[in-house]
Ligand code: V47
């Protein structure tokens, strides 16, 4: 039984307790400023504990952004560079393999691979990145290329989504990250990233990936030029796809970081807005198992608090993150396993190391770099 909530939230509380789905109007109501974020947190925490108990998940991972040179000019992005910009870079195969080596040496189970759409690189270069990493480090899960990149590969090769994904799976792709979703609604998308894959293409690519057996993640970039209606519309589109396929593992709300972007006049969202958006996302996305509080972007304190506002996952130890640090994130470049576990415990949750597919990682007590995977945690404990 959930006790104290704002009178306006009574019917939402009744639905949450009965496990009923929330509507577009419910979503909009929860963004009204007189609805206290704590009340939303209480409701979201109820759902979070029903779905994920007291677990606080993390993984051990490294990022690889093999180039920042990009044909697109998304106004929110501080990471991209023009072809001839002094800031532009592209990694060699040796450097890419060195990143894989560093990941394995540090006990990583996952490499998170995204980057720019380079004017002069063909599909084979992207595919080769996966192939050489997979050949050298077959145990490392390669979570790579957002739907925006997949859409670009379709353009480069003039082939279908299925064909592109099949080639990448054959080269070693393990799953798709959730980036590139931004805000699907064209009123917003046309202002912040008009040229890249639109909302329906993003959804189509994830649908196809799910149908081919790939698990994927999903995101929403908030706190720039969008309104609550655009956010709730975005969440409902994700929920509809999940009803059809069940292929999303986790949702990651991404708070806009304005520094060095084309939208630098906008203020970064407050911690209260971050927690409100996490809670509302947990409540609207009743069919997605996990919610990630990405500490790199939220900051450590808000990410810890978010573990009681709907989130059950804090992402990873993370090495070599560039997208947020280029846009002014002041979080450290990486967290040790000891530190991440202590942060989760301090927030009152039980830390669980997971792999990309949310299976428990079992480490050798004498040599922590050696690991195997167990069952999916929530299934194993019958939540
Ligand atoms: O698509 C870019 C966002 C995304 C900025 O799947 C920005 O596990 C805020 O998707 N301020 C890439 N956001 C990151 C991403 C992600 C991160 C962690 C885990 C997973 C996962 C996926 O970052 C982009 C865009 O939406 N982004 N620039 C910025 N200035």
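Quick notes on this structure:
- Relative contact order (percent, whole number), segment 103-197, Cα cutoff 8 Å, 6+ residue spacing: 32
- Modelled label positions at residue 240 and residue 338, each set 7 Å beyond Cα in the direction of Cβ, lie 5.0 nm from each other.
- Extension gain from residue 229 to residue 32, taking 0.36 nm per residue of separation minus the Cα-Cα distance: 69.8 nm
- Segment 89-149-segment 290-307 distance, computed between alpha-carbon centres (Å): 26
- Modelled this way, with points 7 Å down the Cα-to-C-beta line, the labels at residue 270 and residue 122 are 5.4 nm from one another.
- Extending 7 Å from Cα along the Cβ direction at residue 85 and again at residue 211 yields two label points whose distance is 3.7 nm.
- Structure-based [θ]222 nm, the chain - -39500 (n - 2.57) summed over DSSP H runs of at least 4, per residue, nearest 500: -12500 deg cm²/dmol
- Stretching the chain fully between residue 93 and residue 11 yields a gain of 23.9 nm (0.36 nm per residue, less the alpha carbon separation).
- Counting DSSP beta bridges with both ends in the chain, the antiparallel % (nearest 5): 20
- Shape of segment 260-383, Cα gyration tensor, a/c cut at 1.5: oblate
- Net length gained if the chain between residue 101 and residue 50 were fully extended (0.36 nm per residue, minus Cα distance): 14.5 nm
- In the elastic network of the chain, a GNM with C-alpha springs shorter than 10 Å, the most mobile of 148, 361, 337 is 337.
- Sequence-separation-based contact order of the chain, relative, with Cα cut under 8 Å and 6+ spacing, percent: 22
- As a calculated quantity, the FRET efficiency between residue 21 and residue 357 at R0 = 30 Å, using C-beta atoms, amounts to about 0.70.
Read the figures in this text as sums done on the coordinates, not as results from a lab. All values reported here derive from a predicted model rather than from experimental measurement. Using ideal geometry, Cβ is built from the backbone for each residue, glycine included, and neighbour counts are taken over all protein chains shown.
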